[in-house]
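The values are calculated or read from the model by the stated rules, or taken from the named source; none is laboratory data. As the structure is a computational prediction, the values presented were derived from the model and not from experiment. Glycine gets a Cβ as well: all are built from the backbone with ideal geometry, and neighbour counts include every protein chain shown.
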Amino acid sequence: MNPYLAGTLLGLVLLSSMYIAGRGLGASGGLKYCVVSIVGAVSKPHAEKSEYYSKYFEDEQKPLFNWLTMIIFGVLTGGFISGAVSGRLKFKIEKSPNISNVRRLIFAFAGGMLFVYGGQLARGCTSGAALSGMAVLSLAGFVTMMAIFGSAYFFAWFFRKNWI
């Protein structure tokens, strides 16, 4: 897709989200609610006694039905439908011919885990902290985006042999 069209569409989705829901976009918080739901399903007594988890179950709340988890399920469903409609719905590992499938999957998993952990530490991911923050002209949003791109350029130099 044309990057200018994609950027314009992303901006319209962000604007629509702020107008309709009164909130910007964000996904890392949805993962937290999914984990909290799993902990509650596996051990409800532990979740109710825990200082951290108990706040998500007050007044019989169901964290899995939070709006952030609905965004995640919508993204997964939309990606699946898009892949099916375009004929790209197949298992494929994109990687450099210089590394193995196992190494690529390990790096992808580790990178994803670090990104989610960092998103929780920063109290937002690229969509929540950076895009939504920049949309409301938040200084933190601009700093976050610069840190994301700056660290990506820095780490790309060290890990480039995994993709080239």
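Structural remarks
Here is a yes/no grid of residues against (1) among the polar types (S, T, N, Q); (2) surrounded by fewer than 14 Cβ atoms within 10 Å (Cβ to Cβ):
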| site | (1), (2) |
| --- | --- |
| 42 | no, yes |
| 77 | yes, yes |
| 99 | no, no |
| 140 | no, no |
| 146 | no, yes |
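- Cross-chain or 6+ apart pairs with Cβ under 8 Å, region 37-66 first and modelled with pLDDT under 85, then of a type in the set (Phe, Trp, Tyr) and assigned to a helix (DSSP H, G or I): 63/33; 64/33; 66/33
- Among (1) within 25 Å of residue 94 (Cβ to Cβ); (2) of a type in the set (A, V, I, L, M); (3) surrounded by fewer than 16 Cβ atoms within 10 Å (Cβ to Cβ); (4) touching a helix residue (DSSP H, G or I) at 6+ places or on another chain (Cβ under 7 Å), the one test that residue 130 misses: (3)
- Residue in region 152-164 that is loosely packed, with under 12 Cβ neighbours inside 10 Å, out of contact with any strand residue (DSSP E or B) (no Cβ under 6 Å at 6 or more places or on another chain), among the charged types (D, E, K, R) and in a helix (DSSP H, G or I) present: yes
- Enumeration of residues in region 1-31 that are surrounded by 16 or more Cβ atoms within 10 Å (Cβ to Cβ) and either over 20 Å from residue 133 (Cα atoms) or in contact with a Leu (Cβ under 8 Å, 6 or more places away or on another chain) (or both): 14, 17, 24, 25, 26, 27, 29, 30
- The combined condition, being surrounded by 11 or more Cβ atoms within 10 Å (Cβ to Cβ) and either in the same structural domain as residue 124 (by TED's automatic domain parsing) or over 16 Å from residue 128 (Cα atoms) (or both), is not fulfilled by residue 86.
- Counting only helices (runs of 4 or more DSSP H) that fall entirely inside region 1-62 and contain at least 1 residues that are of a type outside the set (Lys, Arg), more than 28 Å from residue 126 (Cβ to Cβ) and over 21 Å from the mean Cα position of the chain (by Cα), the qualifying elements are 28-42, 44-49, 51-54.
- Of all residues assigned to region 119-130, at least one qualifies as being without any contact (Cβ under 8 Å) to a residue 24 or more places away in the chain, assigned by TED's automatic domain parsing to the domain that holds residue 162 and more than 25 Å from residue 15 (Cα to Cα).
- In region 72-107, the residues that are under 30 Å from residue 17 (Cα atoms) and among the small types (Gly, Ala, Ser): 74, 78, 79, 82, 83, 84, 86, 87
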